[in-house]
Amino acid sequence: METSLDAGNVSMQRTKLTSPFDAYDPPTRRSRTRPRTLRTAAPLLAVALVAQLAACDRAGDPAATAPGPDDPALAAQGPLNPAIVAEGKSIFRFDTFGDETFWTDTLRMHEVIRTAVSPTTALSVGLKVDADALPAAVKAGILDGSIDLDSPATTVALLELDAVLGVVGEVDADDRLTRVGVTCALCHSTVDNSFAPGIGSRLDGWPNRDLNVGAIVALSPTPTAAQKAVYDSWGPGMYDPRFNIDGKNIPVVIPPAFGLRHVKRELYTGDDDVSYWNAYVAITQMHGHGRFVDERIGVDVSNPPDLVSSKLDALRAYQFSLRAPRPRPGTFDAAAAKRGRAVFDGAARCASCHLGGALTDVNANRLHSPAEVGQDPAYAQRSVTKLYRTTPLRGLWNPPQLRGPYFHDGHAGTLEEVVAHYVERLGVSLTPRQRADLVEYLKTL
Ligand code: HEC
Ligand code: HEC
């Protein structure tokens, strides 16, 4: 049964606060005026605190960081403001929302990294290195072997260059890593491997399907053995953004953050809009500072001061600016893809749900019960809607970075298995040729 979404029930709260990150250097690097120590970070925190006090009408508002559902529609209209997009890019890549208090003070990841994580180890758990942040001498040293990729000190040097995607470090005068935190780019960006495997230009919005978040967190000395067992069970490209909330272990595939500008509701389960989820992840998963409350899923996390809400508009603008990659010629059979499109729209009935420009009926206010689409209900049960959103099909095939797995739990490893899912579970009847053509078409989306 398809199910209608009820109109948004999250109250609107749109005060634009002064961003303490206005000083950020938009293009690609963190501004070197950023605080290098906690001592110098004090003025920043003070600005944030003043901003929070100025917004005292937000106090006690249960949806302080959850904007109204009308916002994306408005934001999706008209051109994006380039200055705000640039600010959002900086936030996406480099803003930890103060989550060093978790990754450093609680997990002690700075100790783990500086003693045990060489670049080789970092690359092996899927971390990526931004080649454009490396000075020519460093590139040459990597190529001629004079830079030791088996030394944790090299990782610290890369962090000092802002070259490890999604990981932000503070390094003291003795080249010791003193603070470390994570950003959105950790899970939602990768590189084009133009310099070496795992080292290249940034691809923002692309999910990092090599990233083993669980293995990284399990390196910390602080989780219990039971928690580590859960983290170790996730594997590359998977993450459970609700484990620390409800204790269940049902990881999902890290999705792209591109191609969402004209998609009404986000998440596999269509819970809410982009900024709702950005605030959820920043505060409850990255452990950034702010307040996130959603009674619908029993979440109430308060970690003052608020370093998140003032950045959500810019962060959203940046995500909306990220388009899905175009398929690369040579990675699919164009003639078969053309035939496959007709199969998608016709015999296979895919377009009954994957409809419109974004290829999802969530824009027609429809979600689906797990049974209707043949998916495991367990993850949906933990969400606001308890249903699944028809995934907007984008960037399905762009190897090696994008090549599945597919569906929220990744149970289809290949596009052939996606088609087999629909044939077996939804009774779609297709000839072998139609199936093959359909797969080629999916590769072009
Ligand atoms: C530790 C990995 C991780 C980090 C860090 C992370 N995310 Fe995600 N993100 C996920 C996972 C997993 C999901 C899927 C959750 C779901 O749908 O239930 C997701 C979902 C999303 C979606 C929805 C995609 C869709 O198709 O609807 C967006 C947008 C997004 N994240 C943006 C961000 C932003 C912005 C940040 C930083 C504030 C961030 N994420 C930080 C793992 C991460
Ligand atoms: C009844 C509605 C419905 C129909 C019909 C349908 N889909 Fe889907 N599709 C969904 C939903 C809902 C999801 C999300 C399921 C999940 O993640 O567990 C999905 C997910 C997908 C995905 C995974 C995308 C990703 O990035 O993980 C692909 C690929 C896909 N569908 C292709 C197809 C094809 C091909 C057809 C036709 C054979 C089809 N769908 C028919 C509703 C539908």
Rounded to whole Hz and in sequence order, give me ³J(HN,Hα) for the stretch 356-366 from the Karplus expression 6.51 cos²θ - 1.76 cosθ + 1.60, θ = phi - 60°, writing x for Gly and Pro.
x, x, 8, 6, 8, 7, 5, 6, 9, 6, 10
Using only Cα atoms, locate the centre of the stretch 339-394 and the centre of the stretch 77-117, then give the distance between them in Å, rounded to an integer.
32 Å
With respect to the cross-link table entries Lys338/Lys386; Lys89/Lys228; Lys89/Lys338; Lys128/Lys228; Lys248/Lys338, which display a Cα-Cα separation exceeding 31 Å?
Lys338/Lys386; Lys89/Lys228; Lys89/Lys338; Lys248/Lys338
Residues Leu438, Leu260, Leu123 arranged by fewest to most Cβ contacts within 10 Å
Leu123, Leu260, Leu438
Which distance in nm do the two modelled labels at Asp144 and Ala378 give, with both placed 7 Å along the Cα-to-Cβ direction?
5.4 nm
So how far apart, in nm, are the two label points at Thr121 and His262 if each is 7 Å from Cα heading toward Cβ?
4.7 nm
In nm, give the distance between the simple-model label positions of Arg326 and Leu80, each being 7 Å from the Cα along the Cα-to-Cβ direction.
1.8 nm
Taking θ = phi - 60°, what integer Hz values does the Karplus form 6.51 cos²θ - 1.76 cosθ + 1.60 yield along the stretch 331-345, in sequence order, with x for Gly and Pro?
9, 8, 9, 4, 5, 5, 4, 5, 5, x, 4, 5, 5, 4, 7
If each part is reduced to its alpha-carbon centroid, the stretch 166-204 and the stretch 245-261 end up apart, in Å, by 21 Å
Multiplying the sequence separation of Ala137 and Arg349 by 0.36 nm and subtracting their Cα-Cα distance, what value in nm do you get?
70.8 nm
With θ taken as phi - 60° and the coefficients 6.51, -1.76 and 1.60, list the Karplus ³J(HN,Hα) couplings across the stretch 278-284 in order, rounded to whole Hz; mark glycine and proline as x.
4, 5, 4, 5, 4, 8, 8
Excluding same-chain residues fewer than 8 positions from Lys311, which aspartates and glutamates have a Cα within less than 13 Å of its Cα?
Asp22, Glu87, Asp95
Of every Cα-Cα pair in the stretch 339-410, the percent that sits beyond 14 Å
66 percent
Is any residue of the stretch 268-293 close enough, with backbone N under 15 Å, to a label point placed 7 angstrom from the Cα of Asp246 along the Cα-Cβ axis, and if so, which?
268-272
Per DSSP, loop trypsin sites (Lys or Arg not before Pro) in the stretch 121-196 with at most 14 further Cβ within 10 Å
Arg176
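Each reported figure results from applying straightforward, stated rules to the coordinates on display, with no laboratory input. Since the structure is predicted, the reported quantities are computational estimates derived from the model, not experimental observations. Methodologically, a virtual Cβ is constructed for each residue, glycine included, from the backbone with ideal geometry; neighbour enumeration extends over all protein chains shown.
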